[in-house]
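Step one of this worksheet: look at the structure below.
Nothing in this text is a laboratory measurement; each read-out follows from the coordinates by a stated rule. Please read these numbers as outputs of a predicted model, since none were measured by experiment. Here the Cβ positions follow ideal geometry from the backbone for every residue, glycine too, while neighbour counts run over all protein chains shown.
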Amino acid sequence: MKIAIVSDMHLGYERFREDARRQACEALEKAAEASDMIIIPGDIFDYRRPSPDVIAEAMTLFRNIMKKNFKARVSGFEGEGFAYTDMPIIAIPGTHERRALNAANPVSILGMAGLVIDASQARVTIEKTLSGKTEKVCVFGLGGIAEERFRETLKEVAPRGKEGCFNIFMFHQSVYELLPFSESFIRIDDLPDGFDLYVDGHIHSRVEMKCHGKDFLIPGSTVITQLKENEQDGKGFFVYDTEERAYTFHRINSRKFAVEEIDVDGKGPAEIEELAREKARKVIESSGGAKPIIRIVLTGKLGNGIKLHDISVHGLAKEFQDNAILEVSKLGVKSEEIEQEAMEIRTGELENASLRDYGLGVFMEKLNKAGYRLEISPSELFDLLSSDTKKEEVISAAVKMLSHGTIEN
Ligand SMILES: [Mn+2]
């Protein structure tokens, strides 16, 4: 059986909304052509409460995919919820879609509409029969949950495969080996044993590792979101062949993204800006087609008397706005005016981390120091406080949560 793994499409992602839609569409269409079934380890949507427009976008995408001639069909479903279709498109909600237990999330809504199978805490069996020979795949899905609850949840749920099937464990969490800054993140060896393939979402760059001697794959997002160095590789999805026990990566046409470094040592603002222009022009020349995203990273130490704001970041972005999406990062510059906290953010360790994960780490450390003892998990509290709803609503929900011990999200 050929299984396409497409992840983190982030439909509705504000900054590159059309990119998110178009690239998700291309990934799903190509995946449908190249495989017998599709699995999606989380973050189809960028928000836990996407607007009706974004839900409509998603529905259109999946409606179109449903028309493809998938050779496999869903033949079994065990767990919470229900399978409302036999089309082999199996998804779980990710961190961006996570809501309180039992509250509908956008992936469960797609599930109810029969456009995907929502496999959060469910085991789904998929079958394909070709010239009298039947192949079976079983996907055990576990939707994204608070990191510090993951180990406990693994114990409770005890994910296991099914005899006679090619077994996949699909989840959406941080992994310590890839993001080494919170002890609550799961280590690869602590993932449940006995599966033939491990598939994770959440991390937006491509990862190919081993878990208990089997392949552990993260396809990365289909759209650029974090503008991190390791996103330059290009986007796409995996197709895993269960017979060969081998996989291939399939690229999609994603907007070009380039990171260029400039050492500011001994240079004045005008010289730095001119270097930035040169680098930007080169990237634009070589990209052809859609405007590239260019991130210029300034490093080194600014000379005495030169301040960060002397470098006209906004001016540069404006100058190139017709040909590129230009962003200049000053975080790597050493200068007297920068405070301690900014220093931490730029240390190498964080290169692979999302800001959300970093923020969560800091938040938990502070809660620990303050002797936090409440029953609500710190990451749930963090999610609530960092949600995109109105401040007053967030505060009243947080107060309610703290007094009742439940989330009213
Ligand atoms: Mn994501």
Charge dipole magnitude, Cβ of K and R +1, D and E -1 - segment 257-338, Cα centre, debye nearest 20: 160 debye
Within a Gaussian network of the chain (alpha carbon springs, distance under 10 Å), most fluctuating of Lys291, Lys307, Lys71: Lys307
Exceeding the 18 Å Cα-Cα cut-off - candidates Lys128/Lys235; Lys366/Lys400; Lys30/Lys235; Lys30/Lys68; Lys2/Lys128; Lys2/Lys136: Lys128/Lys235; Lys366/Lys400
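Which of rounded, prolate, oblate describes segment 181-228, given a ≥ b ≥ c as roots of the alpha-carbon gyration tensor eigenvalues and a/c under 1.5 marking rounded, otherwise prolate only if a/b is larger than b/c?
Cα axes put segment 181-228 in the oblate bin.
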Least to most buried among Thr153, Thr222 (fewest other Cβ within 10 Å first): Thr153, Thr222
For the chain, built as a Gaussian network whose Cα springs stay under 10 Å, the top-fluctuating residue of Ser386, Ser108, Ser254: Ser386
Global form of segment 2-251, assessed from the alpha-carbon gyration tensor, a/c cut-off 1.5: rounded
Relative contact order, percent, segment 2-251 [alpha-carbon distance under 8 Å, six or more residues apart]: 20 percent
Potential extension, Glu18-Glu365 segment - 0.36 nm per residue separation minus Cα distance: 121.2 nm
Net charge dipole size for the chain [Lys, Arg +1 and Asp, Glu -1 on Cβ; Debye, nearest 20]: 940 debye
Chymotrypsin sites (Phe, Trp or Tyr not before Pro) restricted to segment 54-84 and DSSP loop, no more than 13 other C-beta within 10 Å: Phe82
Most mobile listed residue (Ala122, Ala104, Ala290) in the chain, GNM with C-alpha springs under 10 Å: Ala290
Calculated [θ] (222 nm, deg cm²/dmol) that DSSP helices of n ≥ 4 give over the chain, each run adding -39,500 (n - 2.57): -9000 deg cm²/dmol
Approximate spin-label separation Ala103-Glu29, in nm, with each point projected 7 Å along Cα-to-Cβ: 3.6 nm
Prolate/oblate/rounded label for segment 177-305 (Cα gyration tensor, a/c 1.5): oblate
Positive-end residue of Leu326, Ile224, Gly79, charge dipole of the chain with Cβ unit charges: Gly79
Which of Cys211, Ala119, Asn69, positive extreme of dipole for the chain (C-beta unit charges): Asn69
Segment 119-185 - share of DSSP beta bridges that are antiparallel (%, nearest 5): 60 percent
Exposure rule at most 15 other beta-carbon atoms within 10 Å, DSSP loop GluC sites (Glu not before Pro): the chain longest free segment: 245-335
Loop sites in segment 208-265: trypsin sites (Lys or Arg not before Pro), DSSP, at most 14 other Cβ within 10 Å: Arg245
